[in-house]
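Below you'll find the structure, written out as structure tokens, and then a few comments.
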Amino acid sequence: MKTILITGGAGFIGSHLIRLFVNKYPDYKIVNLDKLTYAGNLNNLKDIENKPNYEFVKGDIVDSNFIQDLFEKRNFDGVIHLAAESHVDRSISNPTEFVFTNVIGTVNLLNSAKHVWKDNFEGKRFYHISTDEVYGSLGSEGIFTEETSYDPHSPYSASKASSDHFVRAYLDTFGLPSVISNCSNNYGSFQFPEKLIPLFIHNIKNKKPLPVYGKGENIRDWLWVVDHVRAIDIIFHEGKTGETYNIGGFNEWTNIDLIRLMCKKMDEKLGRTKGESEKLITFVKDRAGHDLRYAIDSTKIKNELGWEPSLQFEEGIELTIDWYLENEKWLNNVTSGDYQKYYDEQYINR
Ligand code: NAD
Ligand code: DAU
């Protein structure tokens, strides 16, 4: 039986990945290591928490002694590393936290893997999950390939770029067998409502203002989270050591078009008059250093590993809106407590 460590498995993408691996690979032991920050929520994993091949470990990747101890006690065959501070706006308010978790936390995992695997890297794999934001911002032309130079702008993307460099450095210097993927914006169920899509679904439902940064002209390339974790599965098992794979949906939307689409669909679903929710759109001060456009070229993973998105965006956004409307309890739970404080600091008087 293989033992796989997945970090950040109580978060948005991590919980979808844990669900996929626990159900698909009964002969793997899946260990979910998560600190349970505001973004980590064990309710995301209710359906699989009692499966015999699943185990949750609460812990902080920044705590090097704890990580070292865990690696020494458990003979991990592979690591899929997702744990991170992931929200750009929070990285603008508190950059240091991003250095601790995203950079030092990643280096701690690399050190422990190197230490316990050093006599035999055979069959081992350290898979680092990264983002398209490391490539910086595009103008109206162009697309990010695996060869695009790194040019991060936010403290979040700078910390992710740094962690990517450390993963490659540990391969080049120590031979630690790694693979990296850089994905575009994910959407789907269980995403914390600080990110655009779940935040705006929540606000439309509650008839609260929709805070559009700047003029809403920024462009993102949206991918259904289930398609991202399908890609992670394929790369973990079939990707080549030392390679980078870009993952994206060839699905670019300006924020304002996406927001109008969500308003239209929610008017229909909530039985509101046409155009009612659009009136909630409020243009607010732009995000500092706001990247204009991201677009991922995922030709390599398609050609080499046969992965393609399975779902069209119109269908995916429909499923996603339905999920948040049907899972009011989940949304109410995560928006209680500290959420209101965060929301007020981020948006009141913006
Ligand atoms: P998320 O914020 O929803 O979840 C992050 C998880 O990491 C949470 O469960 C949190 O508790 C855990 N965590 C945070 N700090 C930790 C620490 N110090 N020790 C242990 N656990 C800790 O994030 P997400 O959106 O699911 O993103 C997961 C990964 O995918 C991140 O590495 C992110 O950079 C990357 N990524 C995200 C997207 C996206 O659109 N969301 C796109 C591309 C790449
Ligand atoms: O591209 C991948 C990245 O996508 C991931 O690495 C990050 O973890 C993830 O958070 C996401 O980053 P973005 O900054 O693109 O996502 P966010 O949902 O925060 O914002 C999407 C766009 O919407 C962006 O142009 C900013 C804008 N926006 C966002 C919020 C929260 C608004 O206009 N208003 C808002 O209130």
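The values are calculated or read from the model by the stated rules, or taken from the named source; none is laboratory data. Since the model is a prediction, treat every value here as computed from it, not as a measurement. Ideal geometry is used to build each Cβ from the backbone, glycine not excepted, and the neighbour counts take in all protein chains shown. Side chains are part of the model used for accessible areas, which takes the heavy atoms of the whole protein and leaves out ligands, DNA and RNA. Shrake-Rupley method; radii C 1.70, N 1.55, O 1.52, S 1.80 Å.
Would you tally the net charge around Pro52, using a Cβ to Cβ cut-off of less than 12 Å, leaving Pro52 out, and scoring K and R as +1, D and E as -1?
Working: positive: Lys29, Lys51; negative: Asp27, Glu49, Glu55.
With Lys, Arg at +1 and Asp, Glu at -1, the net is -1.
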>> Per-residue counts of other Cβ atoms within 10 Å, averaged by peptide: what ranking do you get for 158-171, 263-276, 67-80, highest first?
In response: 158-171, 67-80, 263-276
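How much area per residue is accessible in the chain when the probe is 1.4 Å and only protein heavy atoms are counted (Å²)? Intermediate results must be reported in sequence, preceding the final value.
Working: 14940 Å² over 350 residues.
Accessible area per residue: 43 Å².
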>> Once you place label points 7 Å from the Cα toward the Cβ at Glu315 and Leu36, how far apart are they in nm?
In response: 3.7 nm
> At a 1.4 Å probe, what is the % contribution of carbon and sulfur to the accessible area of region 112-238?
Replying inline: 51 percent
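Count the net charge of all other residues whose Cβ sits under 11 Å from the Cβ of Val62, scoring Lys and Arg as +1 and Asp and Glu as -1. All intermediate terms of the calculation are to be shown ahead of the outcome.
Numbers: positive: Lys35; negative: Asp60, Asp63, Glu85, Glu97.
With Lys, Arg at +1 and Asp, Glu at -1, the neighbours total -3.
Evaluate the charge dipole of the chain about its Cα centre and quote only its size in Debye, nearest 20, assuming +1 on the Cβ of each Lys and Arg and -1 on the Cβ of each Asp and Glu. Kindly include the intermediate steps, with their values, before the conclusion.
Numbers: 40 positive and 50 negative charges, 156 e Å.
Computed about the Cα centre, the dipole is about 740 debye.
When ranked by the protection proxy of mean other Cβ atoms within 10 Å per residue, highest first, what sequence do the peptides 331-340, 293-302 form? Could you put the intermediate results ahead of the total?
Details: 331-340: 13.6, 293-302: 20.4.
Taking the mean over residues of other Cβ atoms within 10 Å, the ranking is 293-302, 331-340.
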>> If each residue of separation counts as 0.36 nm, what is the full-extension length gain between Arg287 and Lys264 once their alpha-carbon separation is subtracted?
In response: 5.8 nm
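Between Glu147 and Phe174, what length comes free when the chain is fully extended (0.36 nm per residue of separation minus the Cα-Cα distance, one decimal in nm)?
Once the chain is fully extended between Glu147 and Phe174, it gains 7.4 nm.
Run the numbers for Lys46 and Lys240: contour at 0.36 nm per residue of separation, minus the present Cα-Cα distance, in nm.
Values: separation 194, 0.36 × 194 = 69.84 nm, distance 3.34 nm.
The Lys46-Lys240 span can extend by a further 66.5 nm.
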> Roughly how tilted is helix 225-238, in degrees to the nearest 10 and between 0 and 90, from the longest Cα axis of the chain?
Replying inline: 20 degrees
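Packing-wise, with mean Cβ within 10 Å as the measure, how do 241-248, 127-134 rank, highest first? Could the numbers behind the result be given before it?
On the way: 241-248: 20.9, 127-134: 24.4.
The most tightly packed comes first, giving 127-134, 241-248.
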> Any idea what diffusion coefficient region 126-218 gets from Stokes-Einstein, in µm²/s, Kirkwood Rh on alpha carbon pairs, 20 °C, 1.002 mPa s?
Replying inline: 137 µm²/s
